[in-house]
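Colleague: Take this structure, written in structure tokens, and hold onto it; I'll ask about it next.
The values are calculated or read from the model by the stated rules, or taken from the named source; none is laboratory data. Nothing here was measured: the structure is a model prediction, and the numbers come from that model. Here the Cβ positions follow ideal geometry from the backbone for every residue, glycine too, while neighbour counts run over all protein chains shown.
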Amino acid sequence: MLGRVKGTQRFGPRTLDLDILYYHEDDDPSKPITFEKHGEKKGSEEGSLFVPHVRLHEREFVLRPLAELAPSLRHPSQEHITVKEMLRACARSRPEDTPPLVRVLPLKRRRGGGREKGSLLLPLDPAHNKTSTVVMGILNATPDSFSDGGIDAGSVEAAVERAVRMREEGAGIIDIGGESTRPGADEVGEEEELRRVVPIIQGIRAHDKDTLLSIDTRRAGVARAAVEAGVDIVNDVSGGGFDSKMLATVAALDVPYIIMHMRGTPQTMMQRQHSTYNEDAVEEVCGELWGAVGRAEEEGVRRWSMLVDPGIGFAKGLEVNMALLRGLDCVCERMVGLPVLVGVSRKKFLGTLCDEPRAEERDVMTSVVNAVAISRGAAMVRVHNVPMAVQTVRLADSLRK
């Protein structure tokens, strides 16, 4: 038999612990089910297995993952409240001296180099005050990016120096991109994208084994080569919609995957058919993001390895961008259990609002929006100016918590 070791505390460790969270018969899904334990008297709590568990509503460690799978599932006997409602009540009643459960992002690479599944965990949980918002620094290995095209594309050495500097400034992740995805940008071939990014990744890894790296790409071949060169995370602005092999590739690589919302391509995304939304743009974007999450799961990408990005500025005009930022708390709630990344750094809509045509002069505006995004649940912000973002995060985290 597999159970708790005799002589230990009542709720001590077990060799195997398998919980049945919910079960129902088709003719009456609201009726709790009791099962007789073998060799024990039926009818008492000690002698029967009750499904759902009679203390399910008190156990945050069960409710947190269940809320990611079925947040709207109603308990048949606890006044028919939903899993999400039970989780909120449970979190509110947690004793002050009890450490909170913190969601983490599992990474395959262990610190100091090498690869070992599950050996490095990145906390990404804005709901708890022990988790800081992560700053993702942008490293553009492109000559035509809207803000800093050419700055990091001059040489591998210059790009590596910039990556090292961003880490020293406080970036938790460095996002390396070899193709501009600004509106109207020309598409870059896969060979050219690889030529731009792989030497930089290799150069960073030769100098620094610990810095977390992500690859900003829409192509499965680039994602694979980048991970083999030392990248930890795949950041796909197309959410798996550009390259039909991307989702299966990410699943096989078993690395975290950032799914961004975008319609069309950089060449077409601002056309009317892609940038027009219904009255409730937040709900429409979230629905399409959930569709992308579902497709990724079907291909084998694990839910706990995903992040989502509402795609500010991608196939969205000023009003939709503003609606998403005003409703970011709704986005975070709708995307249950998935950390939300926000990338507004130096984008055109900020210049439109503040009458600033120069992208490099929009860092203060970026910081203001990032602070609001953090207050509304963002777990990560993607930026050009790392020092300013680190200051913003420290202040916004303190005010939020």
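Colleague: Tell me whether the stretch 193-201 contains one or more residues that are charged (D, E, K, R) and either part of a loop (DSSP other than H, G, I, E, B) or outside the structural domain of Thr268 (by TED's automatic domain parsing) (or both). Spell out the reasoning first.
Modeller: We begin by selecting, within the stretch 193-201, every residue charged (D, E, K, R); these are 193, 195-196.
Of the ones still in play, those that are also either part of a loop (DSSP other than H, G, I, E, B) or outside the structural domain of Thr268 (by TED's automatic domain parsing) (or both) are none.
Scanning the stretch 193-201, I find no residue that is charged (D, E, K, R) and either part of a loop (DSSP other than H, G, I, E, B) or outside the structural domain of Thr268 (by TED's automatic domain parsing) (or both), so the answer is no.
Colleague: In the set Leu120, Leu107, which member is of a type in the set (A, V, I, L, M), modelled with pLDDT of 80 or more and under 19 Å from the mean Cα position of the chain (by Cα)?
Modeller: On inspection, the qualifying residue turns out to be Leu107.
Colleague: May I pose another question? Please note which helices (runs of 4 or more DSSP H) are completely contained in the stretch 340-401 and include at least 3 residues that are β-branched (Val, Ile, Thr) and touching a Ser or Thr at 6+ places or on another chain (Cβ under 7 Å). Give the steps one after another, and end with the answer.
Modeller: Values: elements: 348-354, 363-375, 386-400.
Helices (runs of 4 or more DSSP H) meeting the threshold: none at all.
Colleague: Considering every residue within the stretch 210-227, establish whether at least one is of a type in the set (D, E, K, R) and modelled with pLDDT under 95.
Modeller: Yes, there is a match, as at least one residue in the stretch 210-227 is of a type in the set (D, E, K, R) and modelled with pLDDT under 95.
Colleague: Something else: Can you name the residue in the stretch 172-193 that is among the hydrophobic types (A, V, I, L, M, F, W, C) and under 25 Å from the mean Cα position of the chain (by Cα) and is also surrounded by the fewest Cβ atoms within 10 Å (Cβ to Cβ) among such residues?
Modeller: Filtering the stretch 172-193 down to residues among the hydrophobic types (A, V, I, L, M, F, W, C) leaves 173-174, 176, 185, 188.
This time we only want the ones that are under 25 Å from the mean Cα position of the chain (by Cα), so: 173-174, 176.
Working: Ile173: 23, Ile174: 26, Ile176: 27.
If we take residues in the stretch 172-193 being among the hydrophobic types (A, V, I, L, M, F, W, C) and under 25 Å from the mean Cα position of the chain (by Cα), then Ile173 is surrounded by the fewest Cβ atoms within 10 Å (Cβ to Cβ).
Colleague: Criterion first (under 18 Å from Asp236 (Cβ atoms) and in the same structural domain as Thr181 (by TED's automatic domain parsing)) does Arg394 satisfy it?
Modeller: No; evaluated as a whole, the condition is false for this residue.
Colleague: Continuing with the same structure: Looking at the stretch 294-337 only, could you name the residues that are in contact with a helix residue (DSSP H, G or I) (Cβ under 6 Å, 6 or more places away or on another chain), within 25 Å of Phe349 (Cα to Cα), of a type in the set (A, V, I, L, M) and surrounded by fewer than 21 Cβ atoms within 10 Å (Cβ to Cβ)?
Modeller: Leu318, Ala323
Colleague: Kindly evaluate Ser375 against the criterion of being surrounded by 16 or more Cβ atoms within 10 Å (Cβ to Cβ), closer than 20 Å to Leu395 by Cβ, among the polar types (S, T, N, Q) and in the same structural domain as Glu283 (by TED's automatic domain parsing).
Modeller: No, not satisfied.
Colleague: Counting only residues that are closer than 15 Å to Pro199 by Cβ and at pLDDT below 55, how many does the stretch 130-158 have?
Modeller: The number of residues fulfilling the criteria is 2.
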